[in-house]
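The block underneath contains the structure these notes are about, expressed in structure tokens.
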Amino acid sequence: MAVRVFDTRSRTKRKLETIEDGKVGLYACGITPYSPSHIGHARQAISFDIIVRWLRKSGFDVSYITNFTDVDDKIIAVANEEGVDFLEVANRNISDYFESMDALNVIRADAYPRVTETIPEIIEMVETLIEKGHAYLAEDGVYFEIDTSPEKYGQLTGQTLEMVRSGAGGRVDKTGSGKRDHRDFALWKMAKPGEPFWESPWGEGRPGWHIECSAMSLKHLGERFDIHGGGSDLLFPHHEAEIFQSECCLGHDPVVQYWIHNGMINIDGEKMSKSLGNFWTISEALENVDPLVLRYTLINAPYRQPVDFNQVMIDDSESHHNRLVTCYGEGLSKHGSGEWSNFPDLVEAAKRLEEGMNDDFNTRIALVEVQVVSKWLRGLLNSGSRSNEISGAVGWISEFAGDVLGLLPTKEKALARMESHESVKDEVAPKVGNLLAERESARKSKDWGRADEIRDELAGMGVIVEDGPNGATWRIE
RNA sequence: GCACGAGUGGCAGAGCAGCUAUGCAAUGGACUGCAGAUCCAUGGACCCGGGUGCAAAUCCCGGCUCGUGCUCCA
């Protein structure tokens, strides 16, 4: 079954046809590490993590590259404020990023190139652009000249040169730069006093924003590659600038076959921003939310839709996720993980999930099927028989909720969780037994007050009592 | 202002012209002393106004609302 991908440039879903059969080169714009990562970064990383997982499952050999823009104005500003080297700031935030990604069960990319390790390639690219007449040297830097290939303008955003020309008015002066046209953008910035710099043919300076991604994708994926992604806020100007740079430098187009962009996060219906005070870093979020629940919340909508991050969504995700992990763990510990392909219900669910994922990686549809199978499994566990079906459902969940969506703890952890439950259970069992016996006799004499009292007492110990037709059962919360 | 995208039941979201989406929640019932769990059943939607179709949530036109971008941003 073919994978279909929504390509931002053509604004349509297109069947994924790769340059080289069976291989996918995927570059996703990563972070600028000037502050700890926020949940928007988490959404971006998780979106692409799942895309990569699905492509690999579909049989593609994927090269997944995501970068760090580890030198830029904001990093320098933070470094100056703290009186430390800019790399110290970048490295600290990169560590924070990796820590968060590990917690969120994001599989590492194949490479994490950094601007500071790509300077020679960047310089080479800028030189080529100057040679080919697409860039010019000004007093304060080297600029790309938009007018040398105006036809490339607006490929992703649909804006035309004229619109921006008429719309942006007085900003030319504001930039205070040596630009010939306000839409030109910097390829190389001459160093100001106190700024980090590298030697270049044009003097000491550093790369402009945009060029690093052209250089790094070229270096790691070649002159043409399949998919370029990032947050939708990078559409303009960042990705359009990349199109100018890469295509003009390499002399062919398109360099990128498919552009894909993930949607933003809103908090309670409002844009997440520092000024609104509704800004969540990942580590802040993880103080209140289990990382896998956060992951669940963030894939609750397909990656292109905006996600509204609010308490209701989190609570929903938490209960769904708990249910999933609980029945998975229980099934796993009692019957193990087995083959699912013999059971029509599971085959159907897998088929619908695959159709959803093949249709532009629709995680929402996948999640519905995961819920359907969890429900099915719960029913089986309650009925207490048919262990082949149970282990089949566990295998199904392990494959799709686990491997594909990354929502499950490791088998070891799930079993350990069950075991710790068991050991707690063993520990309290005698006491619970006594209390339950007492409650039973209270119930027999219709002393409901005492019976409920005992139930409350047990609840205080984390023991949930459930009366059934064959007497009371209990479990650890 | 301009560009792009979106508006479906309480919520999240399918649907790409005719057939119950689904999950969660809700309601009713079964079981319960009550609660919980479970099982069965049920209701409920397509932003507004036009148009084209035998038939429109689905296509076309016009509005309205929201989001994002146009400046650093995943």
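Below is a table of values for the structure above.
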{"item": "Rounded, prolate or oblate (a/c below 1.5 giving rounded, otherwise prolate when a/b exceeds b/c) for segment A:310-409 by Cα gyration tensor", "result": "oblate"}
{"item": "Charge dipole (chain A, unit charges on Cβ, about Cα centre) - positive-most of A:Trp340, A:Gly251, A:Leu292", "result": "A:Trp340"}
{"item": "Assigned charges on the beta-carbon of Lys, Arg, Asp, Glu; segment A:1-42 dipole about Cα centre (debye)", "result": "260"}
{"item": "Projected area averaged over orientations for segment A:362-477, convex hull of C-alpha atoms, nm²", "result": "8.9"}
{"item": "With DNA, RNA and ligands ignored, accessible area of A:Trp474 (1.4 Å probe; Å², nearest 10)", "result": "60"}
{"item": "Accessible surface ranking that places the most exposed of A:Ile454, A:Ile123, A:Ile365 first, with a 1.4 angstrom probe", "result": "A:Ile365, A:Ile123, A:Ile454"}
{"item": "With eigenvalues of the C-alpha gyration tensor scaled by 5 and rooted, segment A:420-476, Å", "result": "20, 11, 9"}
{"item": "Between segment A:303-366 and segment A:6-59, the alpha-carbon center distance in angstrom", "result": "21"}
{"item": "Relative contact order (%) - chain A, alpha-carbon pairs under 8 angstrom, separation at least six", "result": "15"}
{"item": "Cα-derived Rg to Rh of segment A:300-356, Kirkwood definition", "result": "1.08"}
{"item": "Equivalent ellipsoid semi-axes - Cα gyration tensor, chain A, angstrom", "result": "53, 25, 18"}
{"item": "Integer Hz, Karplus 6.51/-1.76/1.60 couplings in order for segment A:449-465, x for Gly and Pro", "result": "x, 5, 4, 5, 4, 5, 4, 5, 4, 5, 4, x, 8, x, 9, 9, 9"}
{"item": "Two-site FRET efficiency, A:Lys446 against A:Ala2, from Cβ-Cβ distance with R₀ of 56 Å, rounded to 0.05", "result": "0.25"}
{"item": "Filter on A:Lys57/A:Lys375; A:Lys57/A:Lys411; A:Lys13/A:Lys189; A:Lys23/A:Lys375; A:Lys74/A:Lys271; A:Lys74/A:Lys132 - keep pairs with C-alpha separation over 29 Å", "result": "A:Lys13/A:Lys189; A:Lys23/A:Lys375; A:Lys74/A:Lys132"}
{"item": "Rounded accessible area of A:Arg378 (nearest 10 Å², 1.4 Å probe)", "result": "90"}
{"item": "Principal semi-axes in Å for segment A:198-327 [√(5λ), Cα gyration tensor, largest first]", "result": "38, 18, 14"}
{"item": "Dipole moment magnitude, nearest 20 debye, chain A about Cα centre, only Lys, Arg, Asp, Glu C-beta charged", "result": "1340"}
{"item": "Residue among A:His320, A:Ile267, A:Phe236 farthest towards the positive dipole end of chain A, charges placed on Cβ", "result": "A:His320"}
{"item": "Furthest towards positive pole of dipole, A:Ser374, A:Phe48, A:Cys213, structure part chain A, Cβ charges", "result": "A:Ser374"}
{"item": "Size of electric dipole in segment A:225-315: Cβ of Lys, Arg +1 and of Asp, Glu -1, about Cα centre, debye, nearest 20", "result": "40"}
{"item": "Separation of alpha-carbon centers, segment A:377-397 and segment A:247-267, rounded to whole Å", "result": "44"}
{"item": "Long-range HN-HN contacts of A:Phe6 with modeled amide H, under 5 Å", "result": "A:Arg14"}
{"item": "Rg and Dmax [Cα atoms of segment A:385-434; Å; Rg one decimal, Dmax integer]", "result": "14.8, 45"}
{"item": "Cα→Cβ-extended label distance, 7 Å offset, between A:Glu199 and A:Asn288, nm", "result": "5.3"}
{"item": "Charge sum, other residues only, whose C-beta stays under 10 Å from A:Lys23's C-beta, Lys/Arg counted +1 and Asp/Glu -1", "result": "-4"}
{"item": "Anchor A:Lys431: aspartates and glutamates whose Cα lies under 17 Å away (excluding residues fewer than 8 positions away in-chain)", "result": "A:Glu422, A:Glu440, A:Asp452, A:Glu453, A:Asp456, A:Glu457, A:Glu466, A:Glu477"}
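The values are calculated or read from the model by the stated rules, or taken from the named source; none is laboratory data. These numbers were taken from a predicted model, which means no experiment stands behind them. Virtual Cβ from ideal backbone geometry, glycine too; neighbours counted across all protein chains shown. The protein model used for the area step is the full one, side chains on, heavy atoms only, and it has no ligands, DNA or RNA in it. Shrake-Rupley method; radii C 1.70, N 1.55, O 1.52, S 1.80 Å.
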